[in-house]
1. Quick check on the stretch 59-76. Is at least one of its residues away from the ligand (no atom under 16 Å from the Cβ) and charged (D, E, K, R)?
2. Of all residues in the stretch 26-75, count the ones that are in a helix (DSSP H, G or I), open to solvent by 20 Å² or more (accessible area, probe 1.4 Å), modelled with pLDDT under 95 and of a type in the set (G, A, S).
3. Could you grab me the full set of residues in the stretch 157-191 that are open to solvent by 30 Å² or more (accessible area, probe 1.4 Å) and within 17 Å of V98 (Cβ to Cβ)?
4. Which pairs have Cβ atoms under 8 Å, sit 6 or more apart or on different chains, and link a residue in the stretch 24-45 that is under 19 Å from G94 (Cβ atoms) to one that is open to solvent by 40 Å² or more (accessible area, probe 1.4 Å) and within 9 Å of the ligand (Cβ to nearest atom)?
5. So which of E148, E172 ends up being within 13 Å of the ligand (Cβ to nearest atom) and farther than 20 Å from L30 by Cβ?
6. How many residues does the stretch 203-230 hold that are more than 13 Å from the chain's Cα centre (by Cα) and either at pLDDT 95 or above or open to solvent by less than 10 Å² (accessible area, probe 1.4 Å) (or both)?
7. Which one of these does L228 not meet: (1) farther than 15 Å from R128 by Cα; (2) out of contact with any helix residue (DSSP H, G or I) (no Cβ under 7 Å at 6 or more places or on another chain); (3) among the aliphatic types (A, V, I, L, M)?
Amino acid sequence: MPDTNRTTTRRRVVVTGAAGRIGRALAGPLDERWDVLRTDLPEAADAAGIAPLDVTDLEACRAAFADADAVVHLAADPGPGVSFDELHGPNLVGPYAVAQAAADVRVRRLVLASSLHAMSALPASVQRRTSDQPRPGNLYGAAKAWSEGLGAWIAATTGTSVVALRIGYFSEQRPGPDTLPQDRTAWLSTRDAVELVRASVEADLPAGVDGFVVAHGVSANRHNVAELGATRRDIGYVPVDDAWSEE
Ligand SMILES: NC(=O)c1ccc[n+]([C@@H]2O[C@H](COP(=O)([O-])OP(=O)(O)OC[C@H]3O[C@@H](n4cnc5c(N)ncnc54)[C@H](O)[C@@H]3O)[C@@H](O)[C@H]2O)c1
C-alpha cells in the first residue's frame with residue numbers, strides 16, 4: 001500500500017551553465033532527485049526547460065537563487081587557451097556574482113566548478129592532493145584559482161558553505177590507449193559526474209574545514225592524477241568508473 005500521508009520536501013537546486021556538456025549530462029538523474037532550475041545564457045535557453053541567466057549579472061543571480069538550497073555553478077568558458085578578454089566576463093566576473101548572490105540570499109551550499117588546470121604547473125608525475133595550493137600553468141587555471149578563492153572567502157564570512165570541484169577530463173566516452181595520458185588519468189565519467197555533484201550538494205562537511213572543501217572531480221581510475229581519499233572522506237563521493245576497465 002502506498003503511504004498517502006507521506007510528504008517529501010525536495011531540495012531546490014539552481015544549475016548555471018546547464019546547457020553545456022556537463023550540465024546536460026547531469027540533467028536527467030538530478031532532476032529525479034531535486035527540484036532543479038537549469039539556467040544558461042539567453043541564447044542557450046530553449047524549450048527544453050532552461051531559463052535565461054547571465055551569471056555576470058549580480059541582480060539576476062540574486063533573483064534566480066532566491067529560495068534555493070544549493071547552487072551548482074558550471075557556467076564558464078572552459079577553454080584552457082582562452083585570453084584574458086574572453087575569460088573576463090564568464091570566468092572572473094561570473095564566479096564573483098554567483099558567490100556574492102548565493103551568500104546574499106543565504107543559499108546553504110555553493111558548488112563551484114574549478115579545474116585540475118588550477119594545478120597544471122605541477123609536474124605531471126606528481127599526484128594532485130586536494131590540500132595542494134593552486135599552481136596554475138595557464139590563465140584559465142588562474143581564473144579557476146580566483147573562483148576557489150571566492151569560495152573560500154564566502155565560506156569564511158557568510159553562512160554559505162562551498163565545495164570547489166577540481167574537475168579533470170569529462171567525457172561521455174571511456175578513454176582508451178589512444179587518449180593522452182594526462183586526460184586518461186584525469187577522466188571523469190558521466191555517472192561519476194552525477195555522483196560528484198550529488199555528494200557536493202548533499203554532504204555534511206567535516207568539522208574543522210570552516211565550510212570550505214576542495215574536492216577532486218575524477219573517476220576511480222586505476223592510474224589517477226588526482227588523489228581521491230580526501231574527496232571520498234570529505235563529501236562522501238563514491239566513484240565507480242575506471243579508464244582502464246574493460247567493461
Ligand atoms: N569539460 C571538462 O572536462 C571540464 C574540466 C574541468 C573543469 N570544467 C569546468 O566545468 C564547467 C562546465 O564545463 P562544460 O564542459 O560543461 O563547459 P561547456 O562550455 O560545455 O558549458 C559551459 C556553459 O556555460 C555557459 N555560459 C558561458 N558564459 C555564461 C554566462 N556569462 N552566463 C551563463 N552561462 C554562461 C555556456 O553557454 C555553456 O552552456 C566549466 O566551469 C568548466 O570550466 C570542465
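The values are calculated or read from the model by the stated rules, or taken from the named source; none is laboratory data. In this text the structure is predicted, and so the values were computed from the model without any measurement. Cβ coordinates were reconstructed from backbone atoms using ideal geometry, including for glycine residues, and neighbour counts include every protein chain displayed. All accessible areas refer to the heavy atoms of the entire protein, side chains included, with ligands and DNA or RNA removed. Shrake-Rupley method; radii C 1.70, N 1.55, O 1.52, S 1.80 Å.
1. The answer is yes, given that some residue of the stretch 59-76 is away from the ligand (no atom under 16 Å from the Cβ) and charged (D, E, K, R).
2. Looking only at that region, the number is 1.
3. Result: T157, T158, G159.
4. T39/P52; D40/P52; L41/P52; L41/D54; P42/P52; P42/D54; A45/P52
5. E148
6. 17
7. (1)
Yes/no matrix, rows are residues, columns are (1) under 18 Å from A118 (Cβ atoms); (2) assigned to a helix (DSSP H, G or I); (3) among the polar types (S, T, N, Q):
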{"site": "G159", "(1), (2), (3)": "no, no, no"}
{"site": "V162", "(1), (2), (3)": "yes, no, no"}
{"site": "R166", "(1), (2), (3)": "yes, no, no"}
{"site": "P177", "(1), (2), (3)": "no, no, no"}
{"site": "E195", "(1), (2), (3)": "no, yes, no"}
{"site": "D210", "(1), (2), (3)": "no, no, no"}
{"site": "R222", "(1), (2), (3)": "no, no, no"}
{"site": "T231", "(1), (2), (3)": "yes, yes, yes"}
{"site": "V238", "(1), (2), (3)": "no, no, no"}
